[in-house]
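The values are calculated or read from the model by the stated rules, or taken from the named source; none is laboratory data. The shown structure was predicted, so the numbers you read here are calculated from the model rather than taken from an experiment. FYI the Cβ positions are ideal-geometry reconstructions off the backbone, even for glycines, and counts take in every protein chain you see.
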Amino acid sequence: MKTPWLLPLITVVLLSSGCSLILDLEECETSAECTEKFGLTATCSSGICDVPSVTSPHCQTSLGNPGAPNTLTIGVILALSGSQEGNGTSRKNAIEVAYNDLEKIKINGSDLAVLFCDDQSTLEGSLASAKHLTDVLKVPAIIGPQFSDHVKPVQNITKASKTVLVMPSASAALISTLDDDNLVWRTAPSDTFQAVAIARLLAATYKSLNAAGKTTDHIWVLTAGDGIYTGGLRDGLTKNFPDAIAQHSVKSLNYPVDNLDSWVNENLKSLPSPDIVIILGFTEAWNLAQKIKDFSTTTEPIFIMADGGKNQRHAKQFDELAQHVIGTAPQSVGDRTYGPYTAFRSKYLSANFKGVDQTSFLPHAYDALYLIAIAAGANGFTGPEIAEGLARMSEGEEIDPTREGVEKAFSILRKSSTATVNYKGASGKLDFDENGDPSQAPISLWCFDGNNLDDENILLSEENVFSFDPQIIFAAEGCLKPLVNEEL
């Protein structure tokens, strides 16, 4: 519903399409008058200030007062319902923790507000959310979208409005190559790093099985569809494929996310049972792995998944299968000795939110709001100004995600247009490269210990040290410690 606001009050008219107050037909001459009184969404139409609704069918939940005068409104696009609801809701909670830190800080004299949009785990939902945030609310920055495959279609909308995207979980390598006018940034690292880690984990698993006298004749690489996330991981794995593994033993297939039963029957059951199966997909990877395990009568496959398959609810549902699953993910559960992460974790738990140790990219979502707030406070409230501010966060005096850190960053960055700071976020140092990506990223190993699906250790460090205990793949009780370090 759109509400024209007019002063002084003369009469109230009930329209068939909704409620409007008809107050003074000469109330405005320019849209600038309306935005000063009612916020950036207001326009002057036929002498009347027209203030569109802040909410939409996809965008219903907010923090602060989105669209209000003297307010920096940030949009968020996450999956808050649908197949990926759990991950999206936990990341929303992390953004709320950051907002609770920031809400009492004036950003160039303005308040901060956040409007959450639910894409319902669909591209259509992401596009509708982006159009509302840019066309109606005119936000300068959006956290999201959640999925790599949604980024380019959403960016086609946000680039035209010069809106910055800061993505905490979209990790596809191809995002780095977008023609984005410097408006696409992310706190999630590129999957370039994860593809290397998967290749090294495959090599270590292959070597360990051979050393134990087990067969390694049949290796499958199964990829969900051919989107830029799963296809990018597959291409990165192919590029870094271990030399020790003969290509003739590898079967690479794309599978549909839906109708797995018929696809498995038609494409897999006639093949020799696999020894190692890499599944590059999402939560459906657990259903696919279970089907493969059920018909693999001559072998007991080891399954390797990427971060898209990391889901504790599915691990508990398939608890017997989970003992045969190991996986990779950008480090999302930080080092407990690293102050910014432990501070974030403590605040997240104090807010009675769950999943901090099991859900990917929570500190990355938390950092995204901090970075936008600092960039806007230092550089300005337009999308390009926020992007310029983000480029000033990777070197100089260290600041952390606290109220004191924000005030310190404002003090330094406002002294000179060339001043910079080094943001040490809850998710890591976040030294951005020329593509707006973190330039370094540790990759974790995850596996199921019988109760939790936690990050077990750093599999591939920022220093390129690979750490893997081969006993993990033979342990009935799940992940084992300690780990053996090997520099490759």
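Looking only at segment 292-304, decide whether some residue is within 30 Å of residue 430 (Cα to Cα), of a type in the set (A, V, I, L, M) and in contact (Cβ under 8 Å) with a residue 40 or more places away in the chain.
yes
Are there any strands (runs of 3 or more DSSP E) wholly within segment 153-240 with 1 or more residues that are outside the structural domain of residue 287 (by TED's automatic domain parsing) and modelled with pLDDT of 95 or more, and if so which?
Values: elements: 164-167, 184-186, 219-224.
Strands (runs of 3 or more DSSP E) meeting the threshold: 164-167, 184-186.
As an exercise: evaluate residue 371 against (1) touching a helix residue (DSSP H, G or I) at 6+ places or on another chain (Cβ under 8 Å); (2) surrounded by fewer than 21 Cβ atoms within 10 Å (Cβ to Cβ); (3) closer than 20 Å to residue 73 by Cα and give the number of the one condition it does not meet.
(2)
Only one of (1) farther than 29 Å from residue 90 by Cβ; (2) buried (at least 24 other Cβ atoms within 10 Å of the Cβ) is not met by residue 198, so which one is it?
Unmet condition: (1).
(1) at pLDDT 95 or above; (2) under 24 Å from residue 73 (Cα atoms): which one isn't true of residue 420, the others all being true?
So residue 420 meets the others, but not (2).
For residue 245, which of the numbered conditions (1) farther than 20 Å from residue 281 by Cα; (2) at pLDDT 90 or above; (3) surrounded by fewer than 22 Cβ atoms within 10 Å (Cβ to Cβ) fails to hold?
Only one criterion in (1) farther than 20 Å from residue 281 by Cα; (2) at pLDDT 90 or above; (3) surrounded by fewer than 22 Cβ atoms within 10 Å (Cβ to Cβ) is unmet by residue 245, namely (2).
Is it fair to say residue 394 is without any contact (Cβ under 8 Å) to a residue 12 or more places away in the chain and among the polar types (S, T, N, Q)? Give the steps one after another, and end with the answer.
Details: without any contact (Cβ under 8 Å) to a residue 12 or more places away in the chain: no; among the polar types (S, T, N, Q): yes.
No: the conditions fail for residue 394.
Identify all residues within segment 100-131 that are among the polar types (S, T, N, Q) and crowded, with 24+ Cβ neighbours inside 10 Å; write none if there are none.
126, 129
So residue 333 clears everything in (1) at pLDDT 80 or above; (2) surrounded by 20 or more Cβ atoms within 10 Å (Cβ to Cβ); (3) of a type outside the set (Gly, Ala, Ser) except one condition, right? Which one?
The one condition residue 333 does not meet is (1).
Are any of the residues in segment 274-287 small (Gly, Ala, Ser), free of Cβ contacts under 8 Å to residues at least 40 places away in the same chain and assigned by TED's automatic domain parsing to the domain that holds residue 212?
The initial filter retains those residues of segment 274-287 that are small (Gly, Ala, Ser), namely 281, 285.
In the following step, the residues that additionally are free of Cβ contacts under 8 Å to residues at least 40 places away in the same chain were identified as none.
No, the conditions are met nowhere in segment 274-287.
Looking only at segment 80-102, which residues are in contact with a strand residue (DSSP E or B) (Cβ under 7 Å, 6 or more places away or on another chain) and more than 15 Å from residue 367 (Cα to Cα)?
Residues satisfying the conditions are 80, 81, 88.
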